[in-house]
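A quick write-up on the structure given underneath.
The values are calculated or read from the model by the stated rules, or taken from the named source; none is laboratory data. Remember, it's a predicted structure, so these values are computed and weren't measured experimentally. Backbone-built Cβ (ideal geometry, glycine too); neighbour counts: all protein chains shown. Just the protein is used for accessible areas: all its heavy atoms, side chains included, with ligands, DNA and RNA removed. Shrake-Rupley method; radii C 1.70, N 1.55, O 1.52, S 1.80 Å.
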Amino acid sequence: MLVNSDQIIKALVETLQMVAFSLLFSALIGIPLGIALVVTRKGHLLENPPFFNTLNGIINVLRSVPFIILLVAIIPITRFLVGTSIGTAAAVVPLVFYAGPYIARLVENSLLEVDHGVIEAAQAMGATPWQIVFRFILPEALSSLILAFTIATIGLIGASAMAGAIGGGGLGDLAITYGYQRFDTKTMLITVGILVVMVQGLQSAGNIAAKKIRRR
Amino acid sequence: MLVNSDQIIKALVETLQMVAFSLLFSALIGIPLGIALVVTRKGHLLENPPFFNTLNGIINVLRSVPFIILLVAIIPITRFLVGTSIGTAAAVVPLVFYAGPYIARLVENSLLEVDHGVIEAAQAMGATPWQIVFRFILPEALSSLILAFTIATIGLIGASAMAGAIGGGGLGDLAITYGYQRFDTKTMLITVGILVVMVQGLQSAGNIAAKKIRRR
Amino acid sequence: KGDTVKVKLGVSGTDHRIWNFVADKAKKEGIEVEIVTFSDYVQPNLALAEGELDANSFQTVSYFNAFIKEHKLDLVPIATTQIAPMGLYSEKYKDVKEIPKGGKIALDNEATNMGRGLALLQEAGLIKLEEGFNGIGSLDKVVENPKNLEFVTMTAGHTPRVMPDVAASIVNNGIAVDAGLTPREDAIFLESETATPYINIIAVREEEKDNKTLKRLGELYQQDDTKEFIEKEYKGNSIPTFVPLSNIGW
Amino acid sequence: MIEFQQVRKVYGGGGTQEVAALDGIDLKIDTGEIFGVIGFSGAGKSSLVRCVNLLERPTSGKVIVDGHDLTALSAKDVREIKRNIGMVFQHFNLLNSKTVFANVAMPLILAKTPRDQIKNRVYELLEFVGLADKADSYPDQLSGGQKQRIGIARALATQPSILLCDEATSALDPQTTSSILQLLKKINKKYNITILIITHEMSVIREICDRVAVIEAGKIIEEGSVFDVFSSPKTETARNFVSSVMNDRLPDSVKELIERNDGLNKVYRINFVGDSAGKPLLSQLAKKFDLDVNVLFGNITELQGTPFGNLIVEFQGSEKEILRALNYIHQQNVSIKEVTAHAS
Amino acid sequence: MIEFQQVRKVYGGGGTQEVAALDGIDLKIDTGEIFGVIGFSGAGKSSLVRCVNLLERPTSGKVIVDGHDLTALSAKDVREIKRNIGMVFQHFNLLNSKTVFANVAMPLILAKTPRDQIKNRVYELLEFVGLADKADSYPDQLSGGQKQRIGIARALATQPSILLCDEATSALDPQTTSSILQLLKKINKKYNITILIITHEMSVIREICDRVAVIEAGKIIEEGSVFDVFSSPKTETARNFVSSVMNDRLPDSVKELIERNDGLNKVYRINFVGDSAGKPLLSQLAKKFDLDVNVLFGNITELQGTPFGNLIVEFQGSEKEILRALNYIHQQNVSIKEVTAHAS
Ligand SMILES: Nc1ncnc2c1ncn2[C@@H]1O[C@H](COP(=O)(O)OP(=O)(O)OP(=O)(O)O)[C@@H](O)[C@H]1O
Ligand SMILES: Nc1ncnc2c1ncn2[C@@H]1O[C@H](COP(=O)(O)OP(=O)(O)OP(=O)(O)O)[C@@H](O)[C@H]1O
Ligand SMILES: [Mg+2]
Ligand SMILES: [Mg+2]
C-alpha cells in the first residue's frame, strides 16, 4: 500500500469538507432556484415566463458543460471567491456550480408534485407567495426533498472525486491517483470502502427520515 | 481550431449513440430496480426487507464508486458484453453501471409520491402487484418520471464526457481533450455549444411533456 | 498492389499531428493505421496487452517500464520517437532561486510524470530524493526539502492553469505548448535533453515484436522527413529522438 | 357584502372542450346574511364560491367583495381581503405533513398571531369540533368527517368576516352537522359575519339560511328567502330539492289508494303555512261535516320560526259533504288541492 | 355472505397513540341483502367496510366473505375474492392521470375483458350516472359529485357480487342520490348482489336498506331491520339518527306553546305504525269527544311499504274529555305519550 492511514484520514476529512460545504452552498443556491423554477412557470403563483425561461436556460447551460470544463471555466470566479484555484476550499466552488443547478432540478421535480389543493388552501387564506412556499409547499414536499438531497449528496461525493483533479484531495482522488493510476488495489479498496460506508449511511438516513416524514 | 467539422460531427454522433444506448439500457435496468425499491420496502405491496436491503446496498455500492474507478473495475464485464473495453460501444457499459442505479433512485423517489388512495383502489379491485405497478403507480407518476429522466439523461451526457477515458469519444471528450488539455477554446466553445443546445432541447421537451401529463 | 494491412494504434491526448503524418506515409505502403484516442494513460497499455490494439505510442520508456512491471504485461518497445522536455514554469519568479520558503509547487499527480517532476526539482536543486529513486513519484520519496515547499498534485492539464495560485508549476511539454508557453523561453528550468527515461516509445506485444508491419511503422517514424516535420511543427519543443533501444535499457 | 355581476366562468378551451360552469351570475349577498346555494351535482356551485376568493378568476364579469372589485385589485390587496375570508373546502385540502393542531393554527400563524394566543384559539376550535384529542394526529389518521371538521375549524380560526362553505357538512352525521350549523348561526349573530353556504342538503338550508339561490347549469334559476322557496318553489328543480326534505313525495301505498279509488273517498293535499297550521282545522272538519278525515302522509315542520307543512288527507264521506267541507276550507284561507293518480 | 367475528382494528401503537377503531365487531350480512351501517363521524364505519376487502387487516378476529376467512387466505386467493367485490371510496381515489373513461374501464381491463365489451359497458355506466359527456375529461375537471359518480360507475363495472359503498352519495344532491339508490336496488334485485352501505344519511338507509346496524366508538350498539330501528330505536344514538329524517324534534314554536301551558290544552306525540296510520283516528276523536285536535307538527311517511310516522297534536278541551280520548286511543293500539316541556 502506497498510502498510510494519516493520508487516508486526511483525505476523508477533505472529502467531508468538500461535500459538506458544497452541499451547503449548492442547497442555498439550488433550493431558491428550484422554487423559482416552480413558481414562475406558466399558471403558477408568480407566473413570469421571461424570468422562467432565462433561469431555465442558465441552469441548462450549467448542466450541459462537462464538469472538468466547468471547473476550468470558472477558475476566475473561484480565484475571486476563495483567493486561489487549488485546494479543498477551491474545489468547493466548481462543485457548487455543478450541484447547484442539479439540486434546482431535483427540487423543481419534488415541488411540482405537491397537491394543488394545498396551494389553493394557502391562497384562500391570503398567504403571500413567500408563505405559500415556506409554510405549505416545502413542508408538503419535504419527504421527497429529503430523498432528492440524498441523491444529490451522493452525486456530490462522486463529483468530489473529480474535484481532486485540481488539488482538492479527498478520498475519491486518493482512489483515482493511487488505486487507478498506480494500481494500488489496497488503497483503492480501502478508499472505495470508506465511500461505500458513507453512501450507505447517507442513504439509510435519508430513507428513514423520508419515511418518518411521509404521512401516507 | 484543432478539429474540423467532420470530427465534431463524428463526436456528436458518438455522444448521441452513447447517451441513447446507455439511457436505453439504464432505463431498462433502473426502472425495474426503482420499482423494486418501492414495492419491497416495509409496508408496501411486496414487502421483503432482506431483498430491499440487499438491493439498496448494491445500488449504494455502485453509486459510491467514483466513475473513473467504476470504469476500470468493470472492464472484464465490458469485455464480456461488448467484446472490447474501448470505443463508443464499450463506453456504454460503464455508463449504464453509472446511470442505472442513479435512475433507480430517481424512479424510487417519483413512485413514492403516488397517492396511496390510488394504490388502495387498485388493491380493492384485486389487481396483482404487477398490474398495480403498471396500470396505477407508473401512470400516476408519469409526469414526475419524465422530469426525472430528463435529469438523468442530462447527467448521462455529462458522464459520457468522462467516457473519453476509454476511447469512447463524443462531444464531451472533444471538449475536454481539445478545450481542456489543448487549450483550444474555439473547439471547446463549439462542442459545449452543441451540448447546451442538446440539453436545452431535452429539458424543454421534458418540461412540455411533463406539463401535458400532469393533471393539476 | 497487395492487401492493405490494418494497424490499430493507441495514442493519448489529441495530438495526432505526427502520427497523421506517419500514417499518410504508411498508407502508401499499404498499411492502414487506425488511430484510437485515449484521454488517459492506463487504458492504452491494457488495451494493447489484451490485443485490442496492435501498438501504442504515448508514453515514456520510464512509465512503460513501471507499468509493465506492475501489471506483468508482455509488452516491448520497438522504436523510440521523441522527447518532450518537462519544465518548471512560474508567473512570479524568473529564477529557481527566487522560489520562496513554503512556496507551492503544482505537480502532475500521475505517477511517472510526478516522478519525472520530482527528478526535475532535484535537478534544479530544490529538493533531494531518496537514494536510488526509481522514477515513480510519490511525495514520500522526498528526503530533503530545505525550502519546505508544498507540493500540490493535480491532473496534468491543470498545472499551467493554476500558475497564478502557486510559486511554480511543473508542466509537461505538450501541455505547456498547448497552453501557449514556449518551453525553451518560458521555463525557468528545463529538463536536459538527454533525460533518457523520458524518451517516448512505440510499444507492441512481445510476440509481435518482429512483426514486419509494426517494425515498418517504427521505421517510417524514424525517417528524416518525419524528423523535419516534428522540428517544424513543434518549433523545438518536442525533440525527435531516434536512438537504438539499447540506449534506453532494452 | 358579496356581489356577482354577470359572472361567467368557462373552463377548458384551447383544444379541450369548453364548459361554461357559470353563465352570467348576478347575485347579491348582504353583510351578516347566511346565504345558501343549492343545485345539482355539477351545476356550478363550487365554481361560484371559488370566485369569491378568486381561486377561480371569472372569465368575465365582476366579483365585488366589501365594495372592492376583486378582479381589478392588485395581488396584495386581494390577499388582504382574503385574510378576512374563511373557506371550508369540499375536498378539505389539509396539509398532510402537519398535525391537526398545525393545520388549524396555520391561518393564525400566517396572520402572525402570538404563540400563546394561537394555542388557546386552536384548542378552543378543536374542542368545538370535538377533536381536541386528535390535536397531535396527522390528517391521514383521521376519518373523512374528522378531516372535514378540521377544515371547518381552520376556516374559523381567524374569525373571518366572510365564511365560504363548500359542502362543509357533507361528510358529517346529522348531529355533528347540526352542532356545526348551530355554531355558524351563533357566530353569524355575534360577529355579524356573512356566510355563503354551498350545499346539496336542503336540511342545511332549512336549518340556518336566510336566503337561498338555486343554481342550474351555471345560471341562478331561483332566488328568495328560505321561507318563500320552501313554501312556494317556482322551478321544478327547487321543488325537487324542497321535497327532498319536506318528504312530500307520495309513497307507493298512497298512490295505490288513489288508483283504486272507489268514488267514496278523495285524497287532498293541504298546505299549511304560518298561522293556518295553528288552527284545529282537521278536527273542526270532522265535527262540522259528516265525513271522516284520515291523515295519510305528510309533514309539518317549522321554517324560520313559522310552522309550515303539508298533509295528504283522505276524506271519507258523500260527495256533497266533501264539497261543503272544501268550501269551508277555502274560507279558512288554507290551500287545498285534490291529488289524482297522475299528479304527484 | 359477509361475516365479522370479533373483529378488532387498532391503529397506531409504537410511539403513537393507539386508537381502537373497531372494538369487537360481530356482524352477519346475508347474500343479496342491502345492509346499512350508520354512526357518528369517526365511529369506525370506514374501518369496518375496509376490513371486508382487507384494505385494513384486522388486528384480531375474522372476516369471512363467502365462506372464506380472508385473513387466512393467500394473497392470490384474496385477490380472486376482491375481483368480486366492488368498492366506492369515501375519497373517490380516482386515477388523476387517466380519463373518466379509463377510470371506469380499469376494473374491466384488469379482468381482461375484450375491448369492445369494455367500451359498451363503460358508456352504459357513464350514461347511467349521467356523465357520458365527460368520458374524455380528467378527474381534475370534474366537480365533487361528478367524481363520486365516477367512483360509483367504476365499482359497478365488473358486476361484482358484493358492493361496498363508503359514503357513496355524500357529495350528491337528493335527486342524483335517489336515482343512484334506485339503480343499486335494481341490481340488487336483479343479480342478488350483497350491498354494504356506509352512510351518515338516514334517508339513504330508509330508501334502500333491508337491515341496519348502528356503530359507535367501534362497537355495534344496535342492529335490526330498518323498520324496527326506525320505529323503535333502542339506543339514544339510533334515536338521534332516526329523528334526523323523521323530523320529529320539536320546533321552538311548539316548545313555547308547551311551556306557556295554560292547563286547557295538552300536547301529545302519537306514533303511527303500519295499519293504525290508515284509520281516520283524528277525525274520530273530534267526532266522538268534545275536543279540538290540532296537528302541530309531525311526519307520516312510508318505511319499506308500511306507513309510519308520528304527529305532535294538541288537544283542546276539558281534562275529562282529554282523558276519555286518551283511553279511546289506547284501545286502538296506537302509542301516545304526553310531551312535556322537558322532554323532546
Ligand atoms: N390510519 C389511522 N391511524 C390512526 N387512527 C385512525 C386511522 N384511520 C382511522 N383512524 C381513527 O379511527 C377512528 C375510526 O375511523 P373511521 O375512518 O373508521 O371513521 P368513520 O366512521 O368512517 O368516520 P367518518 O364518517 O367521519 O368517515 C377515528 O377516530 C379515526 O381517527
Ligand atoms: N377545471 C375544470 N376544467 C373543466 N371543467 C370543469 C373544471 N372544474 C369544474 N368543471 C366543470 O364545471 C361544472 C361545474 O363544476 P362545479 O365544481 O362548480 O360543480 P358543483 O356544483 O360544485 O358540483 P358538486 O355538487 O358535484 O360539487 C361541472 O360540469 C364540471 O365538470
Ligand atoms: Mg362542488
Ligand atoms: Mg369514513
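Does residue C:11 fit the bill of being open to solvent by less than 40 Å² (accessible area, probe 1.4 Å), over 16 Å from residue C:174 (Cβ atoms) and among the aliphatic types (A, V, I, L, M)? In short, no. Residue D:184 meets each of the listed conditions (1) within 16 Å of ligand 2 (Cβ to nearest atom); (2) in contact (Cβ under 8 Å) with a residue 60 or more places away in the chain; (3) of a type outside the set (D, E, K, R) apart from (1).
Listed conditions (1) of a type outside the set (A, V, I, L, M, F, W, C); (2) open to solvent by 10 Å² or more (accessible area, probe 1.4 Å); (3) within 14 Å of chain D (Cβ to nearest Cβ) are all met by residue E:298, apart from (2). Note on the range C:152-221: enclosed helices (runs of 4 or more DSSP H) holding 2 or more residues that are under 30 Å from residue A:70 (Cβ atoms) and within 20 Å of the chain's Cα centre (by Cα) are C:173-178, C:183-186.
Only one entry in A:166, A:75 is open to solvent by less than 20 Å² (accessible area, probe 1.4 Å), within 17 Å of residue A:19 (Cβ to Cβ) and at pLDDT below 95, namely A:166. Residues in the range D:217-244 that are part of a loop (DSSP other than H, G, I, E, B) and within 14 Å of another protein chain (Cβ to nearest Cβ) were compared, and the one that is farthest from ligand 2 (Cβ to nearest atom) is D:233. Please work out if residue D:177 is under 26 Å from residue E:198 (Cβ atoms) and either among the basic types (Lys, Arg) or in contact (Cβ under 8 Å) with a residue 12 or more places away in the chain (or both). For residue D:177, the condition - under 26 Å from residue E:198 (Cβ atoms) and either among the basic types (Lys, Arg) or in contact (Cβ under 8 Å) with a residue 12 or more places away in the chain (or both) - is met. For the range A:163-183, residues that are at the interface with chain C (Cβ under 9 Å from one of its Cβ atoms) and either on the phi < 0 side of the Ramachandran plot or in contact with a Phe, Trp or Tyr (Cβ under 9 Å, 6 or more places away or on another chain) (or both) total 12.
Of the strands (runs of 3 or more DSSP E) lying entirely inside the range C:22-83, those containing at least 2 residues that are within 14 Å of chain B (Cβ to nearest Cβ) are C:31-38, C:55-60.
Candidates E:111, E:213, E:217: the one that is within 16 Å of ligand 1 (Cβ to nearest atom) and open to solvent by 40 Å² or more (accessible area, probe 1.4 Å) is E:217.
Kindly evaluate residue B:120 against the criterion of being within 11 Å of chain E (Cβ to nearest Cβ) and either aliphatic (A, V, I, L, M) or without any contact (Cβ under 8 Å) to a residue 60 or more places away in the chain (or both). Spelling it out, residue B:120 is indeed within 11 Å of chain E (Cβ to nearest Cβ) and either aliphatic (A, V, I, L, M) or without any contact (Cβ under 8 Å) to a residue 60 or more places away in the chain (or both).
Yes/no per residue for (1) in contact (Cβ under 8 Å) with a residue 24 or more places away in the chain; (2) open to solvent by less than 10 Å² (accessible area, probe 1.4 Å):
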{"site": "B:71", "(1), (2)": "yes, yes"}
{"site": "B:81", "(1), (2)": "no, no"}
{"site": "B:86", "(1), (2)": "yes, no"}
{"site": "B:90", "(1), (2)": "yes, yes"}
{"site": "B:94", "(1), (2)": "yes, yes"}
{"site": "B:99", "(1), (2)": "yes, yes"}
{"site": "B:104", "(1), (2)": "yes, yes"}
{"site": "B:113", "(1), (2)": "yes, no"}
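Against the definition (of a type in the set (Asp, Glu) and either within 16 Å of ligand 2 (Cβ to nearest atom) or closer than 26 Å to residue D:40 by Cα (or both)), how does residue D:140 come out, yes or no? The answer is no for residue D:140.
Being touching a helix residue (DSSP H, G or I) at 6+ places or on another chain (Cβ under 7 Å), open to solvent by 40 Å² or more (accessible area, probe 1.4 Å) and closer than 16 Å to residue A:146 by Cβ is the filter here, so list the residues in the range A:169-213 that pass it. Result: A:202, A:213. Residues of the range E:143-179 that are more than 20 Å from the chain's Cα centre (by Cα), within 12 Å of ligand 2 (Cβ to nearest atom) and more than 8 Å from chain D (Cβ to nearest Cβ): E:147, E:150.
Comparison of E:205, E:198, E:150 shows that the only residue that is open to solvent by less than 30 Å² (accessible area, probe 1.4 Å), within 16 Å of ligand 3 (Cβ to nearest atom) and at pLDDT 90 or above is E:150. Of all the criteria given as (1) without any contact (Cβ under 8 Å) to a residue 40 or more places away in the chain; (2) on the phi < 0 side of the Ramachandran plot, the one not satisfied by residue C:180 is (2). Filter the range D:1-14 down to the residues that are part of a strand (DSSP E or B), open to solvent by less than 70 Å² (accessible area, probe 1.4 Å) and away from chain E (no Cβ under 14 Å) and list them by number. Correct list: D:2, D:3, D:4, D:5, D:7. Taking the condition among the small types (Gly, Ala, Ser), within 7 Å of another protein chain (Cβ to nearest Cβ) and farther than 23 Å from residue B:71 by Cβ, does residue B:205 pass? When the stated conditions are applied, residue B:205 does not pass them. Does residue E:219 meet the test of being within 29 Å of residue D:240 (Cα to Cα) and either within 16 Å of ligand 3 (Cβ to nearest atom) or more than 15 Å from the chain's Cα centre (by Cα) (or both)? No. All of D:57, D:79, D:50, D:8 fail the test of being assigned by TED's automatic domain parsing to the domain that holds residue D:167 and under 28 Å from residue E:180 (Cβ atoms), apart from D:50.
Cβ-Cβ contacts under 7 Å between residues 6 or more apart (or on different chains), taken from a first residue in the range E:127-151 that is within 16 Å of ligand 1 (Cβ to nearest atom) to a second residue that is assigned to a helix (DSSP H, G or I), are listed as E:144/D:46. No other residue among C:153, C:112 is polar (S, T, N, Q), farther than 30 Å from residue C:54 by Cα and buried (at least 18 other Cβ atoms within 10 Å of the Cβ) apart from C:153.
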